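All remarks here apply to the structure that follows.
No value in this document is a laboratory result; all are computed from the given coordinates. Since the model is a prediction, treat every value here as computed from it, not as a measurement. Note: ideal-geometry Cβ built from the backbone for every residue, glycine included; neighbour counts use all protein chains shown.
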Amino acid sequence: MTTTPSTAPRRSAERCYSPPAPASRTSAPAHRGRRPFVDTADVLLVVEITTADTAVTDRITRPVLYAEAGIGHLWRLDLEPAPHLRVGALEGGAYATVARVPAGRSARIPAPLAVQLAPAGLAAPPAR
């Protein structure tokens, strides 16, 4: 999830901001006419895309907020120096790294979504 400071996750164990086009959706109902928030109990996974501008927030601040909210999985795609993925699972109130996928490699991530990922492909510009 890429957000701006005005849309950063709120410190709440009950509600979480969901951007208009999230990477994955739950079956939570749409929130028409309001900012799109979902109950954190409906959030299985948060994906952060980290750049030099968002590194501190994405690596330090947000994981604490997500863990406090009880969100079970956090994936972080770091774009620099080369795209690499860190897969975390909530254990004992903090995210434990369960997989690291370096640039140029591909890995099968089993939970919470069984998917094969290559970080470089996630960071590639869209085909025209």
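Summary of values
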| read-out | value |
| --- | --- |
| Hey, L65 touching a Gly at 6+ places or on another chain (Cβ under 8 Å), touching a residue at least 40 places away in the same chain (Cβ under 8 Å) and at negative phi or not | no |
| Of the criteria (1) touching a residue at least 24 places away in the same chain (Cβ under 8 Å); (2) surrounded by 13 or more Cβ atoms within 10 Å (Cβ to Cβ), which one A99 fails | (1) |
| Index of the failed condition, L113 passing every other in (1) free of Cβ contacts under 8 Å to residues at least 60 places away in the same chain; (2) under 21 Å from V43 (Cα atoms); (3) surrounded by 11 or more Cβ atoms within 10 Å (Cβ to Cβ) | (1) |
| Strands (runs of 3 or more DSSP E) (entirely within region 35-128) containing at least 1 residues that are of a type in the set (V, I, T) and in contact with a strand residue (DSSP E or B) (Cβ under 8 Å, 6 or more places away or on another chain) | 37-39, 45-50, 84-91, 94-101, 107-109, 115-117 |
| Total residues in region 79-115, condition under 27 Å from A69 (Cα atoms) and not aliphatic (A, V, I, L, M) | 12 |
